[in-house]
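Heads up: the structure comes next, in structure tokens.
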Amino acid sequence: MPLDFLKRKGPETPEPTAAPAPVLEELSAQDYDLKLHYHGKSSEGVRMQAGPKALDELPGMLQGLAISDVEVIEPLPVEYAEAQPVIQRPSEAMQWLSAHHELSPIARHALVVLESIGAIDLAFDTFACSMLHGETDTSGYPEYNAIVGGVVSHWDEATGDLIIRAVVGWGGKGVRGDTDRIGGKTLAGLLTQILASQYAVGLTPFERPVPAAGRGGLVCAHCGFASAHERAFYCPKCGMRLLRG
């Protein structure tokens, strides 16, 4: 019987190990950066005494200040309650595009800027907007330092009076220092136009109603508008009091 198990075993040959990867002390990389700046200003509200008739004066309040056509954007009905200009949320972005695809590039730009910073809310607001300063690009969209805006109205939930205020906005890719000064001057001009209205009563603190979560509000018996706000007492579109059962 062979006695192989008594033989001495030689040293085992170690397995070859991979050489460590060299550490790069300096890495050449391409940097990418995009800064979007949206800015806006809003005035105090002006209380109007004429009720729904004062809505007809909204476009005229931009006379002498507008450098493009004045567009009146009414509150959105309940089917567009989730509309937001946020491309990362496809369903909300599609609602927003569906609601505003017929507007001009200037009006759409104004909505993107002012809705993004919370200066207007189309659940309640009626917005008469235009380009107020600056230039457009070759596609018709305002440049980053162009000022857009106009006058915004909503119905006071406590009294049913119409409240109108001035609002301006600007922004996009780029920054320009004197735009803020021009925006303030433009806002003052808009507020002067509002106060010059024959229906103006005086300044009032601006308190916009807060939307409530839920299935939506009532349908106006006067104009048929379906409110997106279940606690609204007055129709955002025509100002008539909503009837409750």
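Points worth noting:
- Alpha carbon Rg of the stretch 122-207, scaled by the compact-globule rule 2.2 N^0.38 Å: 1.24
- Inter-label distance, residue 141 to residue 201: 4.2 nm, where each label sits 7 Å from its Cα along the C-beta direction.
- Across the stretch 124-166, the volume of the C-alpha convex hull divided among the residues equals 73 Å³ per residue.
- Residue-normalised accessible area of the stretch 114-171, expressed per residue, 1.4 Å probe, Å²: 27 Å²
- Charge tally for residue 46 (other residues, Cβ to Cβ under 11 Å; Lys, Arg +1; Asp, Glu -1): 0.
- Surface share of carbon and sulfur [accessible, 1.4 angstrom probe, percent] for the stretch 84-145: 51 percent
The values are calculated or read from the model by the stated rules, or taken from the named source; none is laboratory data. Given the structure is predicted, the values throughout are model-derived calculations rather than measurements. Because the Cβ atoms are built from the backbone with ideal geometry, glycine has one as well, and the counts that use them run over all protein chains shown. The area values use the complete protein model at the heavy-atom level, side chains included, leaving out ligands, DNA and RNA. Shrake-Rupley method; radii C 1.70, N 1.55, O 1.52, S 1.80 Å.
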